[in-house]
Amino acid sequence: MFVNPRTRVKICGITRPQDGVAAAALGVDAIGLVFYAKSPRNISIERANEICAALPGFVTVVSLFLNPDAEWVDEVLADVPVDLIQFHGAEPGDFCRSFNRPYIKVLGMSNADLPALAADYADARGLLLDSHATGEAGGSGKTFDWQVIPEAFRRRIILAGGLNPDNIGAAIREVRPYAVDLSSGVESAPGIKDVTRMTRLMNEVKRVDCETE
């Protein structure tokens with residue numbers, strides 16, 4: 001009997017302390033804070049600190065940027081207790097590693113050659129695969145063809161793009177990713193997380209992880 005490894009879960013686009021607390025209570029491993037002005041989930045440094053102060057221990061805080069100025073990243077890192085940086089745009093590997101912090105790189109899977117894209121980010125803590133084109137903002141709420149993910153990458157990646165409580169089971173069974181990342185799929189409105197949807201999500205993740213092969 002083979003028991004599947006536990007799938008880690010990140011909820012991105014947290015904008016309210018109570019949503020971060022609810023996610024943590026449900027067993028979410030990481031939360032994402034968006035520092036990109038054009039996003040409806042963008043938050044200030046002050047709000048980010050309110051969210052972080054409300055979180056219990058052992059919840060990873062991820063700061064999301066999209067093609068930022070280095071000065072803006074430095075300002076956030078200086079003022080917010082961030083554990084991981086997530087770069088969502090066309091940032092080259094040299095830029096990502098220049099902050100001397102562990103980072104995640106988002107790779108858009110629209111017409112993407114994953115091995116070629118990943119080569120520049122060999123030191124990343126994780127590669128997050130989304131449905132948008134590389135360098136674009138993402139957040140389309142659409143899935144992509146999971147079959148295009150090379151088998152060798154599957155246990156290393158964070159799967160995103162159109163995931164929700166209704167399709168998360170199928171996604172985990174098919175890909176067996178290291179982690180999954182959701183935002184709009186557990187919201188009642190942009191930036192407002194729905195506790196019922198997050199509960200359904202975590203119940204489904206746990207259920208599928210407990211299936212034996």
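Points worth noting:
- Taken as entire DSSP H runs, the helices of the chain that both span 20 Å or more between Cα atoms along their own long axis and average -1.0 or more on the Kyte-Doolittle scale are 195-209.
- Placing +1 on the Cβ of every Lys and Arg and -1 on the Cβ of every Asp and Glu, with nothing else charged, gives the range 8-209 a dipole about its Cα centre of roughly 740 debye.
- The packing ranking of peptides 85-93, 187-195, highest mean first, is 85-93, 187-195, where packing means the average number of other beta carbon atoms within 10 angstrom of each residue.
- Between residue 42 and residue 83, residue separation times 0.36 nm minus the direct Cα-Cα distance comes to 12.9 nm.
- Restricting the calculation to Cα atoms, the chain shows an Rg/Rh of 0.94 when the hydrodynamic-style radius is the Kirkwood one.
- Under 5 Å, built H, 5+ apart or other chain: amide partners of residue 107: 128, 129, 130
Every read-out reported here was derived from the displayed coordinates using simple, explicitly stated rules and does not represent laboratory data. Just so you know, these numbers come straight off a predicted model, no measurement behind them. A quick note on method: Cβ atoms are made from the backbone with ideal geometry, for glycine too, and the neighbour counts reach across all protein chains shown.
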